[in-house]
1. Hey, could you check segment 313-332 for residues that are loosely packed, with under 14 Cβ neighbours inside 10 Å and among the hydrophobic types (A, V, I, L, M, F, W, C) and say which is nearest to residue 263 (Cα to Cα)?
2. I'm trying to understand the selection: among the residues of segment 280-313, which are of a type in the set (Phe, Trp, Tyr) and over 19 Å from residue 245 (Cα atoms)?
3. Here are some residues: 252, 241. Which one is under 30 Å from residue 168 (Cα atoms), touching a residue at least 40 places away in the same chain (Cβ under 8 Å) and not aliphatic (A, V, I, L, M)?
4. Among what's in segment 1-36 and is among the small types (Gly, Ala, Ser) and either modelled with pLDDT of 90 or more or not in a helix (DSSP H, G or I) (or both), pick the residue that is farthest from residue 152 (Cα to Cα).
5. Closer than 25 Å to residue 247 by Cβ, without any contact (Cβ under 8 Å) to a residue 40 or more places away in the chain and in contact with a helix residue (DSSP H, G or I) (Cβ under 7 Å, 6 or more places away or on another chain), is that true of residue 277?
6. Identify, please: which residue in segment 238-287 is under 29 Å from the mean Cα position of the chain (by Cα), farther than 26 Å from residue 210 by Cα and among the charged types (D, E, K, R) and is, among those, most open to solvent (accessible area, probe 1.4 Å)?
7. Quickly run through segment 144-199 and pick out the residues that are farther than 23 Å from residue 231 by Cβ, assigned to a loop (DSSP other than H, G, I, E, B) and open to solvent by 60 Å² or more (accessible area, probe 1.4 Å).
8. Here's a check for you: in segment 208-219, which residue that is assigned to a strand (DSSP E or B) and open to solvent by less than 90 Å² (accessible area, probe 1.4 Å) is nearest to residue 192 (Cα to Cα)?
Amino acid sequence: MIKNGDSTQLERQWKILSILSWENNGMTINQIYQRLAKNFGEEVSTKTIKRDLDDLTMVFPIYEEGEGRGTTYTLEKYKIHDFIFSVQELFALFFTREIIRKYDTSEIGKMALNFIERIISYIPSIYDDYIDRLYRTFLIQKDIDSDKNVTLDMLETINDAIIYKKSIKMRYYSFTSDTETEREVDPYLIYEKEGHYYLTGFCKLHNEIRDFRISRIKEIKLLDKSFEISPNFDKNKYYKYTWNILKGSTKYRVKIRFTGNAARLVKEYEGYRADEIVENDDGSILFIKIVSQLDEIKRWVLGFGCEAEVISPDEFKDMINDEIIKMAKKIRSK
């Protein structure tokens, strides 16, 4: 986050709410001013603080007492033990905690888990038995290995760059070429997939929009260079034709016929990935999907063996055929 006097209005107002929550007897604007400087290194005028308080009172239960410089501002306290939880709400809270636990190997995952644990610690003891029963009877498997070396500082730097539309300079390790290069990037957005964090932005080294796995960024620096997002970038379309991560510039309408157990497995567990599934009378299915890159879906199709038949396009059929021939040669050579 941008520190001290350069913080955003939203960040500053959150700090004011935090300061008010520390006091039970109310605070004057001058006292808030002093706390902002002491605790957050924030130095803004008392007029700015007054404007922030006026905005906050429209949303939060902040009460004014007195007049002039002696006016005090008090934030009404709400505590979690004042709430009554339904069984469904308790289950949802437990479920949220167990889902977040999947990401607890990363710094941001640990922080999110600690936050949920703090909330649960305030739940009245009358609910303890129900929570204990959930522990004994409900299991969410940890099938995600989240990025361990993605720090909050790095995510905050990228997030600030996106918000303020500032370019970044980074030293990046490319897995494909097994090299490190210096890149200047205009960052567009951050997204998470299967525990890994990615940055999408315009790469000036290759003069195109690319994805960067954030754990492979070795060094990063926020530049004093402004940019505008390309008018051709539509985040929904950009990810629409992606099978997993890799993206391309060509659209392929892939048709795959699945038979036997593969048909049932794909329909039940992978059906959501299709643009369309056609069920045939013989129990087979036709899986239809538009993708912009064939390598990732190729590996997926090969995993179903002879119960998967590529119908189209021809270049995809050739890719599968070539891969099978190479695999067969390796088997015969042993």
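1. 324
2. Applying the first criterion (of a type in the set (Phe, Trp, Tyr)) to segment 280-313 yields 287, 300, 304.
Selection gives 287, 304.
3. Every option except 241 fails the conditions.
4. 26
5. Criteria met by residue 277.
6. Among them, the one singled out is 268.
7. Once the filter is applied, which keeps residues that are farther than 23 Å from residue 231 by Cβ, assigned to a loop (DSSP other than H, G, I, E, B) and open to solvent by 60 Å² or more (accessible area, probe 1.4 Å), segment 144-199 yields 145, 148, 149, 175, 176, 177, 178, 194.
8. If we take residues in segment 208-219 being assigned to a strand (DSSP E or B) and open to solvent by less than 90 Å² (accessible area, probe 1.4 Å), then 213 is nearest to residue 192 (Cα to Cα).
The values are calculated or read from the model by the stated rules, or taken from the named source; none is laboratory data. Because the structure is a prediction, the values reported are computed rather than measured. Positions of Cβ are generated from backbone atoms using ideal geometry, with glycine treated the same way; all protein chains shown enter the neighbour counts. Ligands, DNA and RNA are excluded from the accessible area calculation, which covers all protein heavy atoms including side chains. Shrake-Rupley method; radii C 1.70, N 1.55, O 1.52, S 1.80 Å.
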